[in-house]
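Heads up, the thing below is written out as structure tokens.
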Amino acid sequence: MDIVLIGISHKTAPVELRERLAFSDKVINNSLNKLKLLPGIMESMILSTCNRVELLAVVEEKERGKSSLLDFLSYDRDVLKEEFLSLLYELYGKKAVYHIFKVASSLDSMVIGEPQILGQLKEAYEVATRNGSSGLLLHKLMHRAFFTAKRVRSETKIGNNAVSISYAAVELAKKIFEDLSKRKVLVVGTGEMAELAVKHLISHNIGKIVVTSRSIERAKEFASIFGGNPISFDGLVEQLEEVDIVISSTASPRFIITYNMIKPIMKKRKNRPIFMIDIAVPRDIEPEVNRIANIFLYDIDDLQQIVEDNLKNRESEAKKAEIIIKEEVEKFFKWLENLNVIPTIKSLKEKWEDIRLKELNKTFSKLKDLSEKERASIDAMTKGIINKIFHEPATRLRRAELSANSTLYIEVIRELFGLDDINKD
């Protein structure tokens with residue numbers, strides 16, 4: 001048996017080709033049914049996202065398995081091999097497992113540390129499980145990948161720093177106000193960037209949302225989506241007296257909020273701090289506003305610099321994550337190497353012998369008057385019992401090696417008797 005992975009990603013192929021090779025939700029089950037019937041394919045799953053298309057399989061023989069996967073990808077997606085072969089990566093054994101663990105841990109993503117890929121990988125595995133195309137090895141491999149991703153998240157800071165403009169803005173708001181549940185945000189404009197920022201604010205329990213736009217209908221529509229309160233554009237100045245956070249993202253050619261507008265408002269606010277996020281291009285808020293005490297103004301360039309710094313921090317954390325991944329790959333292959341009869345028989349005998357000796361020593365410590373001959377007799381008797389009990393399972397394990405379900409049979413034995421440290425994590 002061998003583990004084979006073939007695929008393309010944002011690193012190797014343009015979006016046009018990724019789109020043609022992608023598997024939609026509508027076709028995935030039908031495609032898996034075809035894939036698991038191919039010669040040499042024992043287990044399989046398909047990971048298809050906007051950034052990657054990967055086929056992962058347990059095969060009887062590496063070259064034959066790879067050939068089956070390539071043929072399948074070509075005819076199922078109706079794309080000639082010549083169009084994707086030069087852009088394809090082919091990984092086997094440890095390299096394939098290492099790659100899957102990196103993908104699960106978000107080290108192979110377009111944005112290092114993003115959490116979405118783990119959910120997509122779990123969904124791909126669940127589809128393969130329901131379909132019956134995933135078996136013992138892929139079950140163990142995927143659960144190990146999920147465990148590895150969890151370790152990376154908990155033992156590194158790879159997901160700690162904001163790496164999107166909108167999320168960076170929210171992180172700054174938290175630093176200024178700490179508890180956002182008591183704060184009120186004014187959203188000026190209803191563009192995509194503002195929408196993303198509001199989504200992040202909601203996820204951090206923002207207190208109240210007020211929305212304004214030159215189109216009151218658009219403000220009402222935006223507010224209804226996020227549970228906010230729409231107001232007319234004429235009410236902007238009045239709201240500036242009350243809110244704690246302003247997110248501005250319009251297409252105005254001129255400044256909407258100016259120094260002369262804000263200066264008198266701060267007196268009415270009794271200098272309560274206000275955090276202003278200008279993510280419009282051209283800018284909505286006059287830069288001089290930042291000179292006013294207790295106003296914290298950030299434009300898109302400020303936020304972009306924060307994002308770039310955070311990305312560098314994530315890359316540094318990725319080096320720590322790779323050490324974790326390498327450890328987990330070795331643990332997986334230690335388990336895999338034990339999936340044959342001889343190591344299992346040896347491990348089982350060693351475990352039972354260890355139990356026998358411990359119990360024997362406990363008995364001898366209580367029966368201090370036993371002679372050496374009596375001790376030897378008891379020792380021989382317990383050895384005989386263990387050998388007789390062990391004979392039947394050992395014989396059946398050797399027979400199981402010839403069975404098509406041998407790996408499952410052996411794994412059950414190893415699981416029942418706790419022969420693998422990997423199962424204790």
key: Student exercise, the chain dipole from Lys, Arg, Asp, Glu Cβ charges, in Debye to nearest 20   = 1300
message = Sort Leu37, Leu107 by Cβ crowding within 10 Å, fewest neighbours at the top.
response = Leu37, Leu107
message = Please compute the contact order of the chain in relative form: average sequence separation of alpha-carbon pairs under 8 Å and at least six residues apart, divided by the residue count, as a percent.
response = 12
key: Net length gained if the chain between Arg218 and Lys319 were fully extended (0.36 nm per residue, minus Cα distance)   = 31.8 nm
task = Could you tell me whether segment 109-249 comes out rounded, prolate or oblate from its Cα gyration tensor? Rule is a ≥ b ≥ c as square roots of the eigenvalues, rounded for a/c under 1.5, then prolate if a/b exceeds b/c, otherwise oblate.
result = prolate
ask   = By how many nm would the segment from His139 to Ser203 lengthen if fully extended, with 0.36 nm per residue of separation less the alpha-carbon distance?
value = 19.8 nm
key: Average Cα contact separation per residue, segment 165-306, under 8 Å, 6 or more apart, as relative contact order %   = 23
ask   = What is the packing order of peptides 267-274, 164-171, taking the mean over residues of other C-beta atoms within 10 Å and listing the highest first?
value = 164-171, 267-274
ask   = At what distance in nm do the modelled label points of Ile176 and Leu37 sit from each other, each positioned 7 Å from its Cα along Cα→Cβ?
value = 6.2
task = With a/c under 1.5 counting as rounded, go ahead and sort segment 214-317 into rounded, prolate or oblate using the C-alpha gyration tensor (a ≥ b ≥ c being the square roots of the eigenvalues; past the cut-off, prolate if a/b is larger than b/c, else oblate).
result = oblate
key: Too-long pairs where the Cα-Cα distance tops 29 Å, listed order kept, from Lys220/Lys267; Lys122/Lys326; Lys362/Lys388; Lys66/Lys320; Lys184/Lys263; Lys346/Lys366   = Lys220/Lys267; Lys66/Lys320; Lys346/Lys366
key: Relative contact order for segment 2-160, counting Cα pairs under 8 Å that sit 6 or more residues apart, in percent   = 29
message = Spelling out what I want: for every residue of segment 360-372, take phi, set θ = phi - 60°, compute 6.51 cos²θ - 1.76 cosθ + 1.60 (Karplus), and round to whole Hz; glycine and proline get x.
response = 5, 5, 4, 5, 5, 5, 8, 9, 6, 8, 5, 7, 4
key: Crossing angle, helix 300-337 versus the chain [Cα axis fit, 0-90 degrees, rounded to tens]   = 10
remark   = With -39,500 (n - 2.57) per DSSP H segment of 4 or more residues and division by the full residue count of the chain, the 222 nm estimate, nearest 500 deg cm²/dmol, is -18500 deg cm²/dmol
task = Counting other beta carbons within 10 Å of each Cβ, put Ser105, Ser232, Ser134, Ser44 in order, fewest first.
result = Ser232, Ser134, Ser44, Ser105
key: Global geometry of segment 248-378, whether rounded, prolate or oblate, following the gyration tensor of its Cα atoms and the 1.5 cut on a/c   = prolate
Antiparallel bridges, percent of DSSP beta bridges restricted to the chain (to nearest 5) = 45
message = Let me spell out the model: positive unit charges on the Cβ of Lys and Arg, negative unit charges on the Cβ of Asp and Glu, origin at the Cα centre of segment 2-160. What dipole size does that give, in debye rounded to 20?
response = 600
Placed amide H near Ile209: partners under 5 Å, 5+ positions off or other chain = Val185, Asn229
request  = With just the Cα atoms of the chain, tell me how far they stretch along each of the three principal axes, in Å, largest first.
outcome  = 103, 68, 35
note = Exposure proxy check on Phe226, Phe23: fewest-to-most Cβ neighbours within 10 Å is Phe226, Phe23
With Cα atoms, 0 to 90° folded angle of helix 93-104 axis to the chain main axis = 30
remark   = If each part is reduced to its alpha-carbon centroid, segment 52-78 and segment 224-291 end up apart, in Å, by 56
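We did not get these values from a lab; they are worked out from the coordinates using the rules stated. Just so we're clear, the structure is a prediction, and the values are computed from it rather than from any experiment. Methodologically, a virtual Cβ is constructed for each residue, glycine included, from the backbone with ideal geometry; neighbour enumeration extends over all protein chains shown.
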